[in-house]
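See below for the structure under consideration.
The values are calculated or read from the model by the stated rules, or taken from the named source; none is laboratory data. All figures in this text were calculated on a predicted structure; none of them were measured in a lab. Here the Cβ is made from the backbone with ideal geometry for all residues, glycine too, and neighbour counts use every protein chain on show.
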Ligand code: SF4
Ligand code: SF4
């Protein structure tokens, strides 16, 4: 007989599934109501429609390794015969569940991820062989203890808090070597240099395609909305690699035809924006949608759910395990511009480069309420941009829709101010 606690849990699961389906559909409705979306985006709209309507079923023929941050090298997980799944959630429905475990002021990514793992424990518990948690921000670190209590096997991947010193680099390389050995124990499969080489090449192809797509965003006539780019990269968290690559190839082909025929996705004069800060993850695409509904276009981003996720590829000299593991460690540390690192001045350099390469006119800085690292770094970024003559709008937000009206007024005013700057030039 079901206990009262079991009945309560079943009711909560049902209500969350319903909220999730509504939330996913609502975001998809906003994403698709823009005119002239590329036909190739249908793959991504359908992927999320199906996922949010029918629930997220994990593979049954392979072990799943959950990853709680982009710092975890997926290459090693694939080479160990398992499937990586980035577990950072953007769902408000899950955030509300996670709020039971976390202090009210915690960051929505961590709350939603904890909530998601709690709701799906019975469904995913067997398939998830490990949840890998790099020691990045304090909230991520501490939520590992809660996940352990829920019954998930949690793996702490020790990461240095700086990337500039030899010591930090050595520490991280040792962590990655240890992770390589431990993954083999977790999955029961040997990681060979041949398997790792194949996977590195597969993922390098994902990066190459992403960079190509990202390059199309440099076009003077806007070819794709940023809200769609964030959907494509959110799909990378969960989709099968080969299917994702095929869908991105089709999208690139379609956009190249548009470029050749001088077709633009939107008003050619739309102010060109860059989004940085806390990661937009489907279905929380609230800020990108607001910016583009207000007439701007996000032509570049510096977030860990998009550009930082896919831009860089692994480069190694010798195809032996030792060299490849060291090269993987470098790939995941050197380009990292997460504010968990200190100092993190490399983020200023990266932003300056993106502003130049994508002809950015204004920056939107999104910080999730409760995310101290991004909140604390906003002043430094704002000063750097201001010296370069690029205006920045700082938005503190979360996954709820309560602040929509207030955000939309501020975003509209910001876009108008950029148009006014143009007129003065
Ligand atoms: S914000 Fe930083 S710590 Fe959080 S998921 Fe992104 S890269 Fe990882
Ligand atoms: S958004 Fe901030 S608090 Fe949340 S996981 Fe990323 S760094 Fe940590």
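Being more than 16 Å from ligand 2 (Cβ to nearest atom), assigned to a loop (DSSP other than H, G, I, E, B) and either surrounded by fewer than 20 Cβ atoms within 10 Å (Cβ to Cβ) or in contact (Cβ under 8 Å) with a residue 12 or more places away in the chain (or both) holds for only one residue in 389, 405, 370, and it is 389.
When residue 88 is tested against (1) modelled with pLDDT under 95; (2) within 16 Å of ligand 1 (Cβ to nearest atom); (3) under 17 Å from residue 23 (Cβ atoms), just one condition goes unmet, and that condition is (1).
Looking only at residues of the stretch 292-312 that are within 16 Å of ligand 1 (Cβ to nearest atom) and outside any helix (DSSP H, G or I), we find that the one that is farthest from the chain's Cα centre (by Cα) is 312. In contact with a helix residue (DSSP H, G or I) (Cβ under 9 Å, 6 or more places away or on another chain), more than 13 Å from ligand 2 (Cβ to nearest atom) and farther than 30 Å from residue 196 by Cα: is that true of residue 352 in this structure? Against the criterion (in contact with a helix residue (DSSP H, G or I) (Cβ under 9 Å, 6 or more places away or on another chain), more than 13 Å from ligand 2 (Cβ to nearest atom) and farther than 30 Å from residue 196 by Cα), residue 352 qualifies. Residues in the stretch 91-114 that are closer than 14 Å to residue 148 by Cα, in contact (Cβ under 8 Å) with a residue 40 or more places away in the chain and either under 20 Å from the mean Cα position of the chain (by Cα) or buried (at least 24 other Cβ atoms within 10 Å of the Cβ) (or both): 113 only. Within the bounds of the stretch 317-326, is there any residue that is within 16 Å of ligand 1 (Cβ to nearest atom) and crowded, with 17+ Cβ neighbours inside 10 Å? No, because not a single residue in the stretch 317-326 is within 16 Å of ligand 1 (Cβ to nearest atom) and crowded, with 17+ Cβ neighbours inside 10 Å. The set of residues in the stretch 263-291 that are assigned to a loop (DSSP other than H, G, I, E, B) and either at pLDDT below 95 or more than 16 Å from ligand 2 (Cβ to nearest atom) (or both) comprises 263, 264, 265, 266, 267, 268, 269, 270, 271, 283.
The one condition from (1) away from ligand 1 (no atom under 16 Å from the Cβ); (2) modelled with pLDDT of 95 or more that residue 344 does not meet is (1). Taking the listed residues 152, 171, the one that is more than 16 Å from ligand 2 (Cβ to nearest atom) and closer than 22 Å to residue 341 by Cβ is 171, with no other qualifying.
Total residues in the stretch 97-123 satisfying the condition of being within 14 Å of residue 56 (Cα to Cα) and not in a helix (DSSP H, G or I): the figure is 1.
Being touching a residue at least 40 places away in the same chain (Cβ under 8 Å), touching a strand residue (DSSP E or B) at 6+ places or on another chain (Cβ under 6 Å) and more than 16 Å from ligand 1 (Cβ to nearest atom), is that true of even one residue in the stretch 330-340? No: zero hits. Inspect the stretch 74-84 for any residue being without any contact (Cβ under 8 Å) to a residue 12 or more places away in the chain and either away from ligand 2 (no atom under 15 Å from the Cβ) or over 16 Å from the mean Cα position of the chain (by Cα) (or both) and give the result as yes or no. No, the stretch 74-84 contains no residue that is without any contact (Cβ under 8 Å) to a residue 12 or more places away in the chain and either away from ligand 2 (no atom under 15 Å from the Cβ) or over 16 Å from the mean Cα position of the chain (by Cα) (or both).
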